[in-house]
Amino acid sequence: MQPKTAAQCAPPNLFLVGFMGTGKSTLARILAERWRRPYADTDLLIEGHTQMSIPKIFETSGEAGFRELERQCIEKWIPRANAVVACGGGLVMPPGMLELLKSIGIIICLFARPETVLRRTSHSVVRPLLCAAEPEARIRELMAQREEVYLRAGAGVYTDGRCFSELAIAVERIYRRQAKGWKDAPAAVRLQGSASSV
């Protein structure tokens, strides 16, 4: 039997996915500090590697170009284990991305109502997909487009009206439960994930 690599012995990555404004980045930072693990934000990694802002990438390369950078980020720039990663809202949408994430970590999807997302993102200038005359209508449209993928991404956590300390406990509970035996689970079992919500 081949000895396990360092990545195989380390705890699996935690990927927080979900719509923009659901609290992924803040919660990922809290958990990374709490667990003393590396923190990563895919948007920040992409900006750092390209030396371009997200709006500029959308302007020059379009959404398709940005999605390809997100794939490259997961394949090349994210640790294979032990990190807490906040993922861009649309990162899981292209075919194969959910499977890629599940092959190197545990996915938990954060949810929030459209009006909550609007309130949290109303002062943001770095969300090109919300540059619309009716941002709430655009939020609802994008949520509808992504709902099916979000629902099968993994366990879901609803963030409306909940403080981050409460959310951290809920996410930690799910992660600890799913991490048990994760490294030894067959790939097919990992890809199934969990559809529970809290």
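Which residues' amide hydrogens lie under 5 Å from the amide hydrogen of residue 113, considering only partners 5 or more residues apart or on another chain, with H built in the peptide plane?
160
Pop the C-beta distance of residue 29 and residue 134 into the FRET formula with R0 = 30 Å and round what comes out to the nearest 0.05. Don't skip to the end; give the middle numbers.
Working: r = 31 Å, r/R0 = 1.05.
Efficiency computed from Cβ-Cβ geometry: 0.45.
Within the stretch 75-92, name every residue whose backbone N is under 16 Å away from a label modeled 7 Å from Cα of residue 68 along the Cβ vector.
75-76
Coordinate-derived values only; no laboratory data. Here the structure is a predicted model, which is why all the values come from computation and not from measurement. Methodologically, a virtual Cβ is constructed for each residue, glycine included, from the backbone with ideal geometry; neighbour enumeration extends over all protein chains shown.
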